[in-house]
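A short write-up of the structure that comes next.
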Amino acid sequence: MSLGKAVRLALQEAAQPGKAEVMRAYMKSSMPFLGVQAVPRRGALRKVFAEHRLATAPEWRRAVLSLWREAQYREERYAAIELSGHHFYREFQTLYTVPMYEEMIVTGAWWDLVDELATHRVGGLLAAYPDTMRPLMLEWAGDADLWKRRTAILCQNRFKARTDTALLYACIEPSLSDTDFFARKAIGWALREYAKTNPAEVIRYVKAKGISGLSRREALKNLSLT
C-alpha cells in the first residue's frame, strides 16, 4: 500500500463523521471534513509515517504534493502539512522545497493551512538560508496574493531575539493599507510575537506608523502604553 493510500485509510478509520459538518462550518471550508480531530489525527499519521519511510527528498516532495493535490477531505491536507514537517525528513528542508510550499500556500488560501507553513516551514528556511529567503520574502510581501503576503509577515513569528526587524517591517509595510481581515490580523500577530522580546520597540513602531484598529489591538494586546 502506498503512503497516500495508507494515510487516507488511517484518517477514515479515525473519523467521527458526526463531527465533520461542525468542523467544516467552523473553518468555513468549501472542502469537506472527515471528522478527525487533531489528537487522533496525529496519532494515526505518526504510525503511518513510521511504516512508510521515504528514502529521498524528491520522493518525499512528491508524496507531500500528491497528498495535497489529491485531497478530497481537509484532513488529507493537514496530513500533507504534517508530512512536510516530519522529523524523518528534516534534512530535506532545503531551498528545493520553496516551490512546494509556495504552491501549498497559494492553493491552500486559508489560515488553518497557511499559518503552519508560514511559521514553521518558510520560517525555518529563512533561518537556514537568509541570503536567499530574505529577498524572496520581500518579494512575497508585495505580491498580489494575500496568503503569500501573510506568509512573509508571519515567517519570523518564532524567531524571538533573532527577529530581523528591518525585514519584519518591510514585509508589513505593503499591507498596512490593506483592509482585509487576514492581512490586518497577520500584522498584529507578528508584532505581538515580537513584543514578547522587545515590547518598547513594538510600541514605538505602532505609534510611529499610526497603526489602528485590529492590527493595533492585536499588537498591543499584552502591553501597556502608560
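The values are calculated or read from the model by the stated rules, or taken from the named source; none is laboratory data. The structure presented is a predicted model; accordingly, all values stated were derived computationally and were not measured. Glycine gets a Cβ as well: all are built from the backbone with ideal geometry, and neighbour counts include every protein chain shown. Please note that ligands, DNA and RNA were not included when accessible areas were found on the heavy atoms of the full protein model with its side chains. Shrake-Rupley method; radii C 1.70, N 1.55, O 1.52, S 1.80 Å.
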TODO: Would you confirm whether any residue within segment 64-75 is farther than 19 Å from LEU9 by Cα, within 18 Å of the chain's Cα centre (by Cα) and in the same structural domain as ALA14 (by the TED database)?
DONE: no
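For segment 121-144, give me each residue that is open to solvent by 40 Å² or more (accessible area, probe 1.4 Å) and either among the hydrophobic types (A, V, I, L, M, F, W, C) or in a loop (DSSP other than H, G, I, E, B) (or both).
Residues of segment 121-144 open to solvent by 40 Å² or more (accessible area, probe 1.4 Å): 127-132, 134-135, 138-139, 142-144.
Residues satisfying the conditions are ALA127, ALA128, TYR129, LEU138, GLY142, ASP143, ALA144.
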- [ ] Give just the number: which of (1) exposed (fewer than 12 other Cβ atoms within 10 Å of the Cβ); (2) assigned by the TED database to the domain that holds ARG149 does ALA38 not satisfy?
- [x] (2)
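Kindly indicate whether ASP112 is part of a helix (DSSP H, G or I), under 19 Å from MET27 (Cβ atoms), among the acidic types (Asp, Glu) and assigned by the TED database to the domain that holds GLU193.
Values: part of a helix (DSSP H, G or I): yes; under 19 Å from MET27 (Cβ atoms): yes; among the acidic types (Asp, Glu): yes; assigned by the TED database to the domain that holds GLU193: yes.
Against the criterion (part of a helix (DSSP H, G or I), under 19 Å from MET27 (Cβ atoms), among the acidic types (Asp, Glu) and assigned by the TED database to the domain that holds GLU193), ASP112 qualifies.
Is it true that VAL106 is closer than 30 Å to ALA44 by Cβ, aliphatic (A, V, I, L, M), open to solvent by 50 Å² or more (accessible area, probe 1.4 Å) and out of contact with any Leu (no Cβ under 7 Å at 6 or more places or on another chain)? Break it down into steps so the answer makes sense when it comes.
On the way: closer than 30 Å to ALA44 by Cβ: yes; aliphatic (A, V, I, L, M): yes; open to solvent by 50 Å² or more (accessible area, probe 1.4 Å): yes; out of contact with any Leu (no Cβ under 7 Å at 6 or more places or on another chain): yes.
It is true that VAL106 is closer than 30 Å to ALA44 by Cβ, aliphatic (A, V, I, L, M), open to solvent by 50 Å² or more (accessible area, probe 1.4 Å) and out of contact with any Leu (no Cβ under 7 Å at 6 or more places or on another chain).
Give, as residue ranges, the helices (runs of 4 or more DSSP H) completely inside segment 158-226 that count at least 3 residues that are among the β-branched types (Val, Ile, Thr). Give the derivation first.
Details: elements: 165-172, 181-195, 199-209, 213-219.
By residue number, 199-209.
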- [ ] Only residues in segment 2-13 that are closer than 10 Å to ALA79 by Cβ count as the first member; pair them with residues that are open to solvent by less than 60 Å² (accessible area, probe 1.4 Å) and acidic (Asp, Glu), Cβ under 6 angstrom, at least 6 apart or cross-chain, and list the lot.
- [x] LEU11/GLU75
TODO: Could you check ALA144 against (1) under 12 Å from the mean Cα position of the chain (by Cα); (2) outside the structural domain of MET23 (by the TED database) and say which number it fails?
DONE: (1)
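Condition check: assigned to a helix (DSSP H, G or I), more than 15 Å from the chain's Cα centre (by Cα) and among the polar types (S, T, N, Q). Does THR97 satisfy that?
On the way: assigned to a helix (DSSP H, G or I): yes; more than 15 Å from the chain's Cα centre (by Cα): no; among the polar types (S, T, N, Q): yes.
Answer is no for this residue.
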Open item on the list: So, ARG192, is that one within 18 Å of the chain's Cα centre (by Cα), surrounded by fewer than 20 Cβ atoms within 10 Å (Cβ to Cβ) and among the basic types (Lys, Arg) or not?
Closed with: no
